[in-house]
Amino acid sequence: MNENRFSFSDRILKSNRSFIREILKVTSHPEIISFAGGHPDPALFPVQDLAASTESAFQKYGSKLLQYGISEGFTPLREKIFERYYKNINYSLSPENILITTGSQQALDLIGKVFINPGDSILIERPGYLGAIQAFSLYEPNLVGIPLEDDGLDPEFLKNVFVDVDPKFLYSNPTFQNPTGKTLPLEKRKRISEILKKENCIFIEDNPYGEIRFDAEILPSVQSFYPEGTISLGTFSKTLSPGFRVGWICAPKEMIDKLLIAKQASDLHSNLLSQIVLDEYLNRYDLDSQIEKTRSSYRIKKERMEEFLNRSMIDFADWVSPKGGMFFWLKLKDGVRSMELFDVAIANNVAFVPGIPFYADKPELDTMRINFSHSSLEAIEMGIDRIAESVREISKIRV
């Protein structure tokens, strides 16, 4: 029988399912401690406040909440996003430069639709966010990985890339990067913006974790140094709730106009009910207070995970302590491969994400990502001990 008897497109036949989503199916058994996802802690969701905001929104807007909305997104919410995140950027930005998306993942897809032709070169961190790799790959680009140093992207490597390729854009997660947790310092932000400006290359600045900082200084966005060529992505998924699926794009108007066309073709507009409830929440409650609760909780979990990594994994892996975000990135020692470790760890009822899917090319087989935001303190202790025991089992097999 014809393998493609339904005449699927070449692009979908070349694409794979989300690696993490497939792992989450494997780890759904209640006995497994999972460090695999990037989920927020549901205990921190402001359930009562959001319930009250929903009731207030229905009282205020009635059936309008259930009607179609404009493609750009609910105007009062766009105004609040602009005031909070973009008002002080020295460029002619306004709420008209904000496009509400169905999570920041849709923003990545829209960017792919608008900017990528098959065969176009695009630049992405190595390792980088696998959701971006998956979203962009659907449009058949030539993905070029830019390696990370201990403090993020290597600007000299980036500069030299332009000798050989003419990329459409650079995608980066410069603050508490996924998967490594690394943060680009101020001087590198300036240097990278200078390089991109000189080469007339678009910068995609994805910032889902920027407000989940522990003891780190607040750094200006790369967009603030290169506003005319930057597309900024944001989301409420890490600060309030991922279930609302509300994110946004901020970009120069010429770009927003094209992204809006792609948005209209995709889903007309994002969930209006979610947008209005979130707007009402922002009217009634203090988002900074909610974020501070999240920071405090994740700081404690991060410290507990690092304590047990130092106790149990110091002989088996190296890592850089994150100053924010949700993840540790481990580089295993002695040639241990993370896929091999994953199989043994699952048998020991603990899960993580092997590093392979975070690489657009030439994966480093001895890398892995572990999440600390979702698990309890007790689960963190048990899970790290189980990972260490799994490494010891592999070492015994090799001997």
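Just so it is clear, none of the values below were taken in a lab; they were calculated from the coordinates. All figures in this text were calculated on a predicted structure; none of them were measured in a lab. Reconstructed Cβ throughout: ideal geometry from the backbone, glycine too, with neighbour counts over all protein chains shown.
Could you pull out the longest piece of the chain with no exposed loop GluC sites (Glu not before Pro) in it, calling a site exposed if DSSP puts it outside H, G, I, E, B and it has at most 12 other Cβ atoms within 10 Å?
Working: sites that count: Glu3, Glu31, Glu217.
Value returned for the longest uninterrupted segment is 32-216.
Which whole-Hz ³J(HN,Hα) couplings does the stretch 164-176 yield from phi under the Karplus relation 6.51 cos²θ - 1.76 cosθ + 1.60, θ = phi - 60°, glycine and proline marked x?
Taking θ as phi minus 60°, the curve returns 9, 10, 10, x, 6, 7, 10, 9, 8, 10, x, 10, 6 Hz for the stretch 164-176.
Treat each spin label as a single point 7 Å out from the Cα along the C-beta direction, and report the Leu186 to Ile70 distance in nm.
If labels sit at Leu186 and Ile70, their model points lie 3.8 nm apart.
Rounded to the nearest 20 Debye, what is the dipole magnitude of the stretch 67-284 about its Cα centre when Lys and Arg each give +1 and Asp and Glu each give -1 at the C-beta?
360 debye
Considering every Cα-Cα pair within the stretch 67-284, what fraction, in whole percent, is farther apart than 25 Å?
35 percent
Using 10 Å bins from zero, what percent of all Cα-Cα pairs in the chain falls into each bin?
Histogram of Cα-Cα distances, whole percents per bin: 5, 22, 31, 26, 14, 3, 0.
To the nearest 20 debye, what is the magnitude of the charge dipole of the chain about its Cα centre, counting +1 on the Cβ of each Lys and Arg and -1 on the Cβ of each Asp and Glu?
Values: 47 positive and 55 negative charges, 93 e Å.
Its charge dipole is roughly 440 debye.
For Lys198, go through the aspartates and glutamates and keep the ones whose alpha-carbon is under 18 Å away, minus same-chain ones fewer than eight residues off.
Filter leaves Asp154, Glu156, Asp164, Asp166, Glu187, Glu228.
Would you mind telling me which residue in Leu65, Leu143, Leu309 has the biggest mean-square fluctuation in a Gaussian network model of the chain, where springs connect alpha carbons within a distance under 10 angstrom?
The residue that fluctuates most here is Leu65.
Taking loop as defined by DSSP and a crowding limit of 11 other beta carbons within 10 Å, which chymotrypsin sites (Phe, Trp or Tyr not before Pro) in the stretch 26-121 fit?
Details: sites: Phe35, Phe58, Tyr61, Tyr68, Phe74, Phe82, Tyr85, Tyr86, Tyr91, Phe115; in loops: Phe35, Tyr68, Phe74, Tyr86, Tyr91.
Those that pass, being in a loop and sparsely packed, are Tyr68.
Cα-Cα over 28 Å: which of Lys182/Lys238; Lys14/Lys301; Lys182/Lys333; Lys87/Lys197; Lys182/Lys293? Provide the component values of the computation, followed by the final result.
Numbers: Lys182/Lys238 17 Å; Lys14/Lys301 39 Å; Lys182/Lys333 20 Å; Lys87/Lys197 22 Å; Lys182/Lys293 22 Å.
Correct reply: Lys14/Lys301.
Given N residues in the stretch 131-255, what is its alpha carbon radius of gyration divided by 2.2 N^0.38 Å?
Normalised by 2.2 N^0.38 Å, the Cα Rg of the stretch 131-255 equals 1.05.
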